[in-house]
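Asks: Let me begin by handing over the structure; questions about it come next.
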Amino acid sequence: YLAVAMVLYRRKQENQRLLGEAFLALGVVFGTLSIPLALDGRWTAATWALEGAAIVWIGARQSRWLARAFGILLQFGAGVAFLDGWSSRIGQIPLLNSQYLGSVFIAVAGLFSSWYLSHRVSERKSLEKPIAAVLFAWGLVWWLGGAVGEIDRLFGSPTSFYITIIFFAATALALALIERRFDWALAKLPALGLIIALAVFAILNLLVASHPLGNLGIVAWPAAIAVYFW
């Protein structure tokens with residue numbers, strides 16, 4: 001289907017354009033459905049997430065809101081597939097394992113789609129503005145959740161706790177810089193909300209350590225507070 005669609009597009013005959021688009025849609029759908037037959041849930045999720053982001057990009061460039069809707073739904077399906085394929089068996093290589101990379105791919109796809117819908121879609125449907133915010137929250141949750149799981153797996157308590165604080169602060173800092181560079185209003189929200197996260201961490205700190213500046217706390221707390229004030 002994809003090969004025939006490519007041939008029809010290259011012929012550039014207007015009366016065959018609809019047929020080419022139909023073949024392209026069939027190729028994408030069958031390709032999407034074939035992925036779970038070959039890969040486990042975590043790699044299926046990673047592939048679907050990236051495919052969904054690509055379809056959102058194409059749908060935006062071609063002003064096709066149905067394509068954008070399919071790409072968004074495919075990303076949510078990726079999250080379901082990831083959780084369905086969740087396993088206690090994780091590769092031994094830090095960061096380079098299917099569980100963490102799957103979370104990263106879902107996160108990056110969601111954040112990219114949110115940014116693109118916020119900036120690059122000139123004729124958005126009225127529903128797409130809140131969906132861009134939902135995709136941002138979706139991507140951020142997967143980004144932070146995947147990192148927290150990997151940090152907890154690699155480091156013991158309370159070291160993992162303080163590294164998590166540093167990671168949250170670094171994420172807020174990175175998104176604040178992205179907001180300035182790309183004028184992306186949603187990206188400043190984590191920096192503004194960092195104080196809430198730090199308040200929660202301060203309460204949890206009482207449970208994991210006898211003193212907030214013990215262990216890596218002497219690095220984590222000053223760094224996180226400095227990021228917030230900046």
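Asks: Among the residues of the stretch 191-212, what is the count of those that are open to solvent by 100 Å² or more (accessible area, probe 1.4 Å) and among the hydrophobic types (A, V, I, L, M, F, W, C)?
Replies: Within the stretch 191-212, residues that are open to solvent by 100 Å² or more (accessible area, probe 1.4 Å) and among the hydrophobic types (A, V, I, L, M, F, W, C) number 5.
Asks: Right, here's the next one. Any residue in the stretch 38-56 that's under 12 Å from residue 77 (Cβ atoms) and in a helix (DSSP H, G or I): show its pairings with residues that are of a type in the set (D, E, K, R) and open to solvent by 40 Å² or more (accessible area, probe 1.4 Å) at Cβ separation under 9 Å, as long as the two are six or more apart or on different chains.
Replies: Qualifying pairs under 9 Å: 41/84; 44/84; 45/84.
Asks: One residue is enough: does the stretch 10-18 have a residue meeting the conditions in a helix (DSSP H, G or I), among the aliphatic types (A, V, I, L, M) and surrounded by 13 or more Cβ atoms within 10 Å (Cβ to Cβ)? Full working, then the answer.
Replies: Residues of the stretch 10-18 that are in a helix (DSSP H, G or I), as a first pass: 10-11, 14-18.
Narrowing further to those that are among the aliphatic types (A, V, I, L, M): 18.
Filter once more, keeping what is surrounded by 13 or more Cβ atoms within 10 Å (Cβ to Cβ): none.
No, the stretch 10-18 contains no residue that is in a helix (DSSP H, G or I), among the aliphatic types (A, V, I, L, M) and surrounded by 13 or more Cβ atoms within 10 Å (Cβ to Cβ).
Asks: Checking residue 229 against (1) within 25 Å of residue 106 (Cα to Cα); (2) open to solvent by 50 Å² or more (accessible area, probe 1.4 Å); (3) hydrophobic (A, V, I, L, M, F, W, C), which single condition isn't satisfied?
Replies: Here residue 229 meets the rest and fails (1).
Asks: Kindly indicate whether residue 111 is without any contact (Cβ under 8 Å) to a residue 60 or more places away in the chain, open to solvent by less than 40 Å² (accessible area, probe 1.4 Å), touching an Asp or Glu at 6+ places or on another chain (Cβ under 7 Å) and assigned to a helix (DSSP H, G or I). So that I can check it myself, show each step before the final result.
Replies: Details: without any contact (Cβ under 8 Å) to a residue 60 or more places away in the chain: yes; open to solvent by less than 40 Å² (accessible area, probe 1.4 Å): yes; touching an Asp or Glu at 6+ places or on another chain (Cβ under 7 Å): no; assigned to a helix (DSSP H, G or I): yes.
Considered against the rule, which asks whether it is without any contact (Cβ under 8 Å) to a residue 60 or more places away in the chain, open to solvent by less than 40 Å² (accessible area, probe 1.4 Å), touching an Asp or Glu at 6+ places or on another chain (Cβ under 7 Å) and assigned to a helix (DSSP H, G or I), residue 111 comes out as no.
Asks: Right, here's the next one. With the requirement that a residue be buried (at least 19 other Cβ atoms within 10 Å of the Cβ) and aliphatic (A, V, I, L, M), what does the stretch 213-226 give you?
Replies: 216, 220, 224
Asks: Identify all residues within the stretch 40-56 that are of a type outside the set (Ser, Thr, Tyr), open to solvent by less than 30 Å² (accessible area, probe 1.4 Å) and within 13 Å of residue 85 (Cα to Cα); write none if there are none.
Replies: Of the residues in the stretch 40-56, the ones of a type outside the set (Ser, Thr, Tyr) are 40-43, 45-46, 48-56.
Those left that are additionally open to solvent by less than 30 Å² (accessible area, probe 1.4 Å): 41-42, 45-46, 49, 52-53, 55-56.
The answer is 41, 42, 45, 46.
Asks: Follow-up. Hey, can you tell me all the residues within the stretch 135-164 that are open to solvent by 40 Å² or more (accessible area, probe 1.4 Å) and under 9 Å from residue 110 (Cβ atoms)?
Replies: Passing the criteria: 137, 138, 141, 143.
Asks: Suppose we filter the stretch 68-97 for residues that are modelled with pLDDT under 85, farther than 18 Å from residue 141 by Cβ and part of a helix (DSSP H, G or I); how many remain?
Replies: Counting residues in the stretch 68-97 that are modelled with pLDDT under 85, farther than 18 Å from residue 141 by Cβ and part of a helix (DSSP H, G or I) gives 0.
Asks: Does residue 59 satisfy the condition of being in a helix (DSSP H, G or I), at pLDDT below 90, of a type outside the set (Ser, Thr, Tyr) and surrounded by 19 or more Cβ atoms within 10 Å (Cβ to Cβ)?
Replies: Working: in a helix (DSSP H, G or I): yes; at pLDDT below 90: yes; of a type outside the set (Ser, Thr, Tyr): yes; surrounded by 19 or more Cβ atoms within 10 Å (Cβ to Cβ): yes.
Here the answer is yes, as residue 59 does meet what is asked.
Asks: Do we find that residue 24 is closer than 27 Å to residue 85 by Cβ, at pLDDT 80 or above and either surrounded by fewer than 14 Cβ atoms within 10 Å (Cβ to Cβ) or of a type in the set (A, V, I, L, M) (or both) in this structure?
Replies: Numbers: closer than 27 Å to residue 85 by Cβ: no; at pLDDT 80 or above: yes; either surrounded by fewer than 14 Cβ atoms within 10 Å (Cβ to Cβ) or of a type in the set (A, V, I, L, M) (or both): yes.
It is false that residue 24 is closer than 27 Å to residue 85 by Cβ, at pLDDT 80 or above and either surrounded by fewer than 14 Cβ atoms within 10 Å (Cβ to Cβ) or of a type in the set (A, V, I, L, M) (or both).
The values are calculated or read from the model by the stated rules, or taken from the named source; none is laboratory data. No experiment lies behind these values; they were computed from the predicted model shown. Cβ sites come from the backbone with ideal geometry, for glycine too, and all protein chains shown count toward neighbours. The protein model used for the area step is the full one, side chains on, heavy atoms only, and it has no ligands, DNA or RNA in it. Shrake-Rupley method; radii C 1.70, N 1.55, O 1.52, S 1.80 Å.
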